[in-house]
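The values are calculated or read from the model by the stated rules, or taken from the named source; none is laboratory data. This structure is a prediction, so every number in the text was calculated from the model and none was measured. Cβ placement follows ideal geometry from the backbone for every residue including glycine, while neighbour counts extend to all protein chains displayed.
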Amino acid sequence: MIGSQEKKEIAQPSRNRSREVVLRWVFGFIVFTSAFLLFQVELILGKFLLPWFGGTVAVWATCMLFFQVLLFAGYFYSHKTSSSLSLRRQGKLHLAFLAVAALSILCACYFWGSPILPEAAWKPAPGSAPILGILKLLLMAIGLPFLLLSSTGPLLQKWHDEIHARSGNEPSYFFYALSNAGSLAGLLSYPIILERAFGLTLQSKIWGAGFALFVLSCGSCAWNAHRSVLAGKQDFTADHDSSLIGASPALAPRWWLWFTLPALGSVMLFATTNLLTQDVAPVPLLWVLPLSVYLLTFIFTFQRNNWYSRGIFHPLFGFTSLLTLVALFRGTEVNVLNQVGIFLAMLFTACVVCHGELARIKPQTRYLTAFYLTIAAGGAFGGIFVGIIAPLIFPAIWEYHVGLWAVATLLAVILLFEKDSWLHDPRPDPLIPTVVFGTIFLLPKYLAHVGMITIPARIAFAYNIGVYLIIAFLIWVTWRRRRACGLAWPWYKVTLGVVFLLLSAALYVDLARQRGRLLHRDRNFYGALSVCQEWDANMLYSKVTLMHGRIVHGIQLEQDRKRATSYYDVKSGAGLALATNPRRRVGGMRVGTIGLGVGTVAAYGRPSDVYRFYEINPAVIRLAQGAGGYFTFLKDSPAQIDIVPGDARLSLEAEAAHNDFQNFDVLIVDAFNGDAIPVHLLTREAMKLYLSHLRGPNSVIALHISNKAVDLSAPVAALTKLYGMNSVVITTGVDTGVVRPSKWVLLSRGNALNVPEIQSIGKPILAFANNIVWTDDYSNILSLLDYRGVSIKSWLR
């Protein structure tokens, strides 16, 4: 018979195992929830602040930078507390931290009426410093709760590892993968579910309820850990040396790789986001995609040690680099979805390489929080480099090229110094170099086929013979090796060197090339500008073009400098609105323009007219006013020219608040054809503001909705119906190099559109079945993305 004491001894291990399983699930739930809330609040606040700072791409980049730095601060808190305090004191300190963070949320609810969204009184003044304003608002709105959430993952993993170490279990990086899975779930669920179903105010309240649940569960966890220590268990020492599964116990910390690898991954994340949002709207969808790919690579590489295979991902990195180079060279010829797919594939392979190499050198348990802290420091540095340093040292968006080259360089260095890597295999299989060499040497043939380069006939013949001979030789070597008579030759080293040199040369050529003769470059918070001079194909006339990224923002002929060009010629919607307005026949006109460009609209000005421009980018204002002598539309116009710096919506609101209504006869809203879609200029509140600044019912609002990626007809149609306005769509499809294709929607409450010039070419705006009026609290641009003409085959042709 088994005695009662023996039964207790047998049951005790079973109860301990059950307790460990429950504890693992509880810890996992808290880590997942904290990461989920962490990334949801990034999107909510980013979308909320976007209209306050002009709806520009840089708003998202600044938010991401802030969150990266605060993530580092949270990891620093975790490292310092876990390495210098006993578990009991850690529990007490974290309970106090939870209470203070919860109190800050309650104060926000009391003063703002929302857990995280500042009230309207916190709106920045027009023309104020954008970066400092964004950082200040983010710090006030979410600083302390975000710091708490960011510290939860590494701190709870440390607690879990310490508790499990007492029972002899080896720790793992399961919670790190789970944390990134929670972040990924938070990112993907926002545009798919939360943004589509709820307004920003309700989103913030839902998030606040989730944060309250997190505080209660995390507080209970900290309290139970505190009680377990008080029950008589000794504090776990930080010198425990249990090794990780798949990691070498004798592996010394490689601090420089812990920092550099995540830093380059972060650089690729930020640079890819910048590159994508040069041609597509900076909305949560496009911010979510690069971040989701970035987080997915952490899950992929840290969940299982054998998921990262150098034999798969190193060749894949070379192949995606090749696709990326082709996409960079072809530019806007590549449709939006293909661009997004290629650059996201490049981000995925680059980050898998960086994070996979990082996972190979995971440290022992005692370096756990130091490892996470170093990773966070590298991520923060990558964000600072792209968000702050790059705009100061690079005249254009060069950080993507630099980041890609740096990843390739670091990978080559790791393989060179690691003696057991495939690079040092004395007798590797030549099959991979054969495929790589074939791809590399066939690249010029493809570039010549699409017209990017020209190869003379004699050189092309010799080139073809050389390519065939090299490929035949490599195939012969492969056959010899398979018959056990292969030649010893450093194929991998030669292949790596050739690929690296070709990649470096191609990236440099892409940076150096410029359409036409480059006259000027400028870069600031609002993007990269370039001014180029070009001649037509017959060398009959020259023009000067202002480019914002890859988008044309203005053209002026050097032989006929007063001619209206680009999207504003006499047959465009803006030109017809100005030329046919009733006020043009009876007196001076007042014309307002949101978006200055090079000031082309001023070409229609007369001595009795007043043209008032609203422009957020000070560099654009300087160029349009004549800096460098490139553009003279404003200088040549006989009309009175007024320029209001700052976001147009905020400036118009400030004027209305002071009863300074502008009485515009024509209000041109030209802010949607470029690299950003300022959604706040197409909401119900924005249209109400525009109408308040019009002179009368015969005044006209001209909306320029040309865009490569987004069809804005639906929200415009909804606003037209809501305010009972007459509307007409005027489209020009001819691209002469001087006149650009355009799509304008003209709106009026009177009869200003009932003139032959407009009615003969205008078409009614299409009616949409599910028109939903956008408001400052709700907008959903995901449904407006234009998927027309997507074909990989047509792109490759």
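Data for the structure
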item: LEU358 vs. criteria modelled with pLDDT of 85 or more, of a type outside the set (Ser, Thr, Tyr) and touching a Pro at 6+ places or on another chain (Cβ under 7 Å); result: yes
item: Residue, modelled with the highest pLDDT, within the stretch 676-689, restricted to residues that are surrounded by fewer than 24 Cβ atoms within 10 Å (Cβ to Cβ) and not hydrophobic (A, V, I, L, M, F, W, C); result: LYS688
item: Condition met for LEU85 (more than 30 Å from PHE385 (Cα to Cα), assigned by TED's automatic domain parsing to the domain that holds LEU149 and under 32 Å from the mean Cα position of the chain (by Cα)); result: no
item: Leading residue by the ranking (nearest to PHE525 (Cα to Cα)) among those in the stretch 92-149 that are among the β-branched types (Val, Ile, Thr) and touching a Phe, Trp or Tyr at 6+ places or on another chain (Cβ under 7 Å); result: ILE131
item: Test for TYR723: is it of a type in the set (Phe, Trp, Tyr), surrounded by fewer than 17 Cβ atoms within 10 Å (Cβ to Cβ) and modelled with pLDDT of 90 or more; result: yes
item: Pair list, Cβ under 6 Å, 6 or more apart: the stretch 570-587 residue under 16 Å from ILE701 (Cβ atoms), other residue of a type outside the set (Asp, Glu) and surrounded by fewer than 19 Cβ atoms within 10 Å (Cβ to Cβ); result: THR580/VAL755; PRO582/ASN698
item: Hey, ARG622 under 31 Å from the mean Cα position of the chain (by Cα), among the basic types (Lys, Arg) and under 25 Å from ASN274 (Cα atoms) or not; result: yes
item: The stretch 527-586, residues that are aromatic (Phe, Trp, Tyr) and in contact with a Leu (Cβ under 8 Å, 6 or more places away or on another chain); result: TYR541
item: Of all residues making up the stretch 201-239, the number that are exposed (fewer than 15 other Cβ atoms within 10 Å of the Cβ) and modelled with pLDDT under 50; result: 8
item: Answer from ARG584, ARG606 - the residue that is out of contact with any Pro (no Cβ under 9 Å at 6 or more places or on another chain) and more than 26 Å from LEU275 (Cβ to Cβ); result: ARG584
item: Entirely in the stretch 328-415, the helices (runs of 4 or more DSSP H) that have 3 or more residues that are buried (at least 20 other Cβ atoms within 10 Å of the Cβ); result: 336-360, 368-384
item: Every residue from the stretch 690-712 that is surrounded by 20 or more Cβ atoms within 10 Å (Cβ to Cβ) and assigned to a helix (DSSP H, G or I); result: TYR690
item: Residue count for the stretch 739-760, restricted to those that are under 16 Å from SER706 (Cβ atoms) and surrounded by fewer than 18 Cβ atoms within 10 Å (Cβ to Cβ); result: 1
item: Test: SER566 is of a type in the set (S, T, N, Q), modelled with pLDDT under 90, within 29 Å of LEU518 (Cα to Cα) and crowded, with 17+ Cβ neighbours inside 10 Å; result: yes
item: LYS80 touching a His at 6+ places or on another chain (Cβ under 7 Å) and either within 17 Å of VAL41 (Cα to Cα) or assigned to a helix (DSSP H, G or I) (or both); result: no
item: Residue in the stretch 123-130 that is under 30 Å from VAL386 (Cα atoms), in a helix (DSSP H, G or I) and in the same structural domain as ILE30 (by TED's automatic domain parsing) present; result: yes
item: For VAL620: the one exception among (1) in contact (Cβ under 8 Å) with a residue 60 or more places away in the chain; (2) surrounded by fewer than 24 Cβ atoms within 10 Å (Cβ to Cβ); result: (2)
item: Elements of type helices (runs of 4 or more DSSP H) in the stretch 573-667, at least 1 residues being closer than 30 Å to ARG517 by Cβ; result: 573-579, 618-624, 633-636
item: Only listed residue being loosely packed, with under 13 Cβ neighbours inside 10 Å, among the aliphatic types (A, V, I, L, M) and under 30 Å from LEU652 (Cα atoms), chosen from ALA99, ALA120; result: ALA120
item: Residue among LEU49, LEU95, LEU71 that is more than 19 Å from the chain's Cα centre (by Cα), of a type outside the set (Gly, Ala, Ser) and not assigned by TED's automatic domain parsing to the domain that holds ASP776; result: LEU95
item: Odd one out for GLY595, checked against (1) more than 17 Å from ASN751 (Cα to Cα); (2) without any contact (Cβ under 8 Å) to a residue 60 or more places away in the chain; result: (2)
item: Meets criteria (in a helix (DSSP H, G or I), at negative phi, among the hydrophobic types (A, V, I, L, M, F, W, C) and modelled with pLDDT under 85) for LEU296; result: no
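For (1) outside any loop (DSSP other than H, G, I, E, B); (2) among the polar types (S, T, N, Q); (3) at pLDDT below 80, each residue gets a yes or a no:
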{"site": "ALA250", "(1), (2), (3)": "no, no, yes"}
{"site": "TRP258", "(1), (2), (3)": "yes, no, no"}
{"site": "THR273", "(1), (2), (3)": "yes, yes, no"}
{"site": "LEU285", "(1), (2), (3)": "yes, no, yes"}
